[in-house]
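We did not get these values from a lab; they are worked out from the coordinates using the rules stated. Fair warning: this is a prediction, and the values are worked out from it, not measured in the lab. Positions of Cβ are generated from backbone atoms using ideal geometry, with glycine treated the same way; all protein chains shown enter the neighbour counts.
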């Protein structure tokens, strides 16, 4: 029995059909046209491997069926253009984990391959698209290059860097952001990074708050009377569940409103009206 008689016909994959047409008729006018077939194949396989959770791709020892499967998976995203690539890379981002995400571990084989070949001019669009996605998704340091370039501006901060920028404790800052976003404590404490806009919003909200004693001073009344206003619903309180030396720190919303309320209190002699 000959090899031809025992061979199995395999259905052509989308990648194989694309390559066959390219060999016969030349490159299509798409964003992959500058990639030679070797780069195209490696790009598809490594992207597919990253999406499948591989830490590395042993090209020389990779079984043909497995290589075919990974290549097709990567190609399904690449053929959709830059947006398809970014959608695939987004899938590899461990945003639901409490650990800090790292681009080299999330993108794995694809990132490592592109790091090795990123200086090839034919890959410039692929490299630029991937780099831009990294800058938008990961807290890239301004001092660290990604494929030969540094981020034009910092868009994301790690919680450790955010702590240095704000002077607030990491856990407190997570809970502050969680309060603003109406998140549960479990969700808030899993945060690993924060955008610049989120950081500005958090600090603006933080500076609008006043502690119990400060609220009393702004109102010109005693802390016990502030608590009475709280109980009556006149003042809104924000509890961030931050315990220090066994006490819960409680903040009071709206310094400007407190000043206005203080003026009204003095004008209307609120103390006498409430029989304090």
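A few comments on the model shown:
- The packing ranking, built from the mean of other Cβ atoms within 10 Å per residue, places the peptides 108-115, 189-196, 143-150 in the order 108-115, 189-196, 143-150, highest first.
- A crude spin-label estimate for the pair residue 207 and residue 30, with each label 7 Å from Cα along the Cβ direction, gives 5.1 nm.
- Label-to-label distance, residue 171 versus residue 197, with points set 7 angstrom from Cα along the beta-carbon direction: 3.1 nm.
- Straightening the chain between residue 232 and residue 13 buys 71.9 nm, computed as 0.36 nm per residue apart minus the Cα-Cα spacing.
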